[in-house]
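The values are calculated or read from the model by the stated rules, or taken from the named source; none is laboratory data. None of these values were measured; they are calculated from a predicted model. Every residue, glycine as well, gets a Cβ built from its backbone with ideal geometry; the counts of neighbours run over all protein chains shown.
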Amino acid sequence: MRTLVLGRTPARVRDVVATLRADGFDAEGVSADEEARKLLAAGEFGVLIIGGGVEPESRASLKEFAAEHRVRQVIDGTLTEPFDAYVRREFEPVIREIAAEGRGDG
């Protein structure tokens, strides 16, 4: 299940993507709404993680856009340290569950 991470702080986006990839997830990260829209429009992402720094208007618009482009789950996230532990505790179980549902396992 491909996951797109959108966050306003590039270093945090890199940290989240690095943790997801290290744990075997297919993830990509961006910091700008237009980058996210371009990638989502391709229809290749099943999960969108939106970081806590994304403004409410952008967040709402991207959630709507994601729903129109076959994104199965949008996760709102506000990272707390340690970032890798947060990703593993909060994001990875949701991604696994969505992936399992897509295979008909759940």
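Details
- Residue in segment 23-39 that is in contact (Cβ under 8 Å) with a residue 40 or more places away in the chain and either under 17 Å from Met1 (Cβ atoms) or assigned to a loop (DSSP other than H, G, I, E, B) (or both) present: yes
- Residue in segment 84-97 that is touching a Lys or Arg at 6+ places or on another chain (Cβ under 9 Å), closer than 20 Å to Val17 by Cβ and either at pLDDT 95 or above or hydrophobic (A, V, I, L, M, F, W, C) (or both) present: no
- Residue among Glu81, Glu90, Glu44 that is surrounded by fewer than 18 Cβ atoms within 10 Å (Cβ to Cβ) and assigned to a helix (DSSP H, G or I): Glu90
- Residue in segment 10-17 that is acidic (Asp, Glu) and buried (at least 19 other Cβ atoms within 10 Å of the Cβ) present: yes
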